[in-house]
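The values are calculated or read from the model by the stated rules, or taken from the named source; none is laboratory data. This is a predicted model, so every value here is computed, not measured. Glycine gets a Cβ as well: all are built from the backbone with ideal geometry, and neighbour counts include every protein chain shown. Protein only, heavy atoms only, side chains kept; ligands, DNA and RNA dropped before computing areas. Shrake-Rupley method; radii C 1.70, N 1.55, O 1.52, S 1.80 Å.
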Amino acid sequence: MTTHNVSTAAHLTEAIADAVSGDVISMAPGNYGAVSIVGRAFTDYVTLISADPLTPAVVTSIRIDNSAFVMVAWLHVDNPSNGPRGGKLVYVFESNHVKIRDCEVNAKVDDNIFEGNNGISLKNSSDVEVSGNDIHDVHNGILIFGGSGFDIRENLIDHISTDCFKAGGVRNILLENNTGGGHIFPSSTAHSDFIQFQGSAHDVTIRGNVYLAQTTERAQGIFMNVPPYSNVLIEQNIIYSGKVNAIKVKDGTGITCRQNTVLVTPGIGHKAAAIILPSGATNSRNISANVKGGISGSNVTAQWDDVNDIHHYTTLYQNAMAGLGITLADLRPVQGSLAETKGAAERIAELLDDTVPTPDPDPDPTPDPDPDPVPDPTPDPALAELQARVMVLEAEVAEINAKLTAQAAALIGDENGV
């Protein structure tokens, strides 16, 4: 293994050309412009890394094309322009065994104008890790279209205009412990989502992700609306926004949705945060929201409308009525409440207290063996009301989906370089 110490763009270009499998290219502080690694099929990782992570090397873009075993770490991808719509600050194309770690990625930082460059784009690639990155001031955060073996975890995406994560046509993908910072500035016609699957996906795990709305209630949560989907696990996610589609999987097999907390912003946007799953899916120990509270199997419906009725936000969480600008501390469960054992209780405790509670020993989907301390005196009205409300909202969404379907090919092409 050889370490190449570089300090100029010319030195970096030479080092990339001379690198062999296992080499490290250590980049002194400075601006290196656009970086391209094309047609380099290494057999062990070649690493581009800042010599001083406290003063990271700056590049304007990174392209890894038709290459293998490339790692990028501790760099600042700082592009001075907003770029064209669908521009790519970091682009991994038809490559394998690529790692993007602990980088800051942004387009021009200019008063919330994010209609151009996307953050990190992965296309037709495999065995790719994107972890620990801070992505901001971009149109979309991370785009993943085509390929398999994606490990997307512990990234922060904030100050964007549309989607934090967008994927389609993928297999074997993990989205874990990522954070959508909640500062979204959509156009008047934008369809914003925390996590959107804009095409088929198989062998999917979506776990431990957090989205707390700060500037607008318009972002949907986990939106999987272009099937088929199979072998999907959605668990321990925390979503607080103003759309009924808090978690939606339109169709698929082997769908499991368990121990998620999805709440709606009180009085802003839609009146419910629903979990909508296909027939045959496993739906257990979740907390969702509506204007009426209730229990359905092992799931809890919280409500924000009547403080004197059951399962009001204030009886479950410290300050879930906060609305836009909510913090994770506001979602600390009230002691002794159902929120201590239902929903994403484990993830909330882990984030707030750096602890992981002992998991409930009862396997899903075993119904909760303990009776609710405040049983519903009449059959739960929440489900029927929610179904009716969803039907109305689905009709509204159908109009948007029709437009999206007509524009899908163009949209994907514009944003992902198809």
Practice item. Could you please find all residues in the stretch 26-42 being open to solvent by 60 Å² or more (accessible area, probe 1.4 Å) and either part of a strand (DSSP E or B) or touching a residue at least 40 places away in the same chain (Cβ under 8 Å) (or both)? Key: Asn31, Ala34, Ser36, Val38, Ala41
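For Asp158, are the conditions met, namely being under 16 Å from Gln214 (Cβ atoms) and either open to solvent by 10 Å² or more (accessible area, probe 1.4 Å) or in contact with a Gly (Cβ under 9 Å, 6 or more places away or on another chain) (or both)? Can you show your working first?
Values: under 16 Å from Gln214 (Cβ atoms): yes; either open to solvent by 10 Å² or more (accessible area, probe 1.4 Å) or in contact with a Gly (Cβ under 9 Å, 6 or more places away or on another chain) (or both): yes.
Yes; evaluated as a whole, the condition is true for this residue.
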**Study point:** Only one of Gly267, Gly254 that is more than 20 Å from the chain's Cα centre (by Cα), part of a loop (DSSP other than H, G, I, E, B) and either on the phi < 0 side of the Ramachandran plot or among the small types (Gly, Ala, Ser) (or both)
**Key:** Gly267
Revision key, fill the gap. Filtering the stretch 221-269 for residues that are in contact with a strand residue (DSSP E or B) (Cβ under 7 Å, 6 or more places away or on another chain), closer than 19 Å to Gly182 by Cα and open to solvent by 10 Å² or more (accessible area, probe 1.4 Å) leaves a count of 2
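Of all residues in the stretch 43-70, which are open to solvent by 50 Å² or more (accessible area, probe 1.4 Å), touching a residue at least 12 places away in the same chain (Cβ under 8 Å) and more than 16 Å from Leu122 (Cα to Cα)? Break it down into steps so the answer makes sense when it comes.
As a first pass, look at the stretch 43-70 and keep what is open to solvent by 50 Å² or more (accessible area, probe 1.4 Å): 43-44, 51-55, 63, 66.
With the extra rule that they be touching a residue at least 12 places away in the same chain (Cβ under 8 Å), the set shrinks to 43-44, 51-53, 55, 63, 66.
Passing the criteria: Thr43, Asp44, Ala51, Asp52, Pro53, Thr55.
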Review point. Are any residues in the stretch 207-220 over 19 Å from Arg153 (Cβ atoms) and surrounded by fewer than 24 Cβ atoms within 10 Å (Cβ to Cβ), and if so, which ones?
Key: Gln214, Thr215, Thr216, Glu217, Arg218
**Study point:** Given (1) in a strand (DSSP E or B); (2) open to solvent by 10 Å² or more (accessible area, probe 1.4 Å), index of the condition Val204 fails
**Key:** (2)
**Study point:** Unique match (being of a type in the set (S, T, N, Q) and closer than 21 Å to Ser337 by Cα) among Thr265, Thr215
**Key:** Thr265
Review point. When Ile268 is evaluated against the numbered criteria (1) at pLDDT below 95; (2) in contact with a Lys or Arg (Cβ under 8 Å, 6 or more places away or on another chain); (3) within 17 Å of Phe194 (Cβ to Cβ), which criterion, by number, is the only one it fails?
Key: (2)
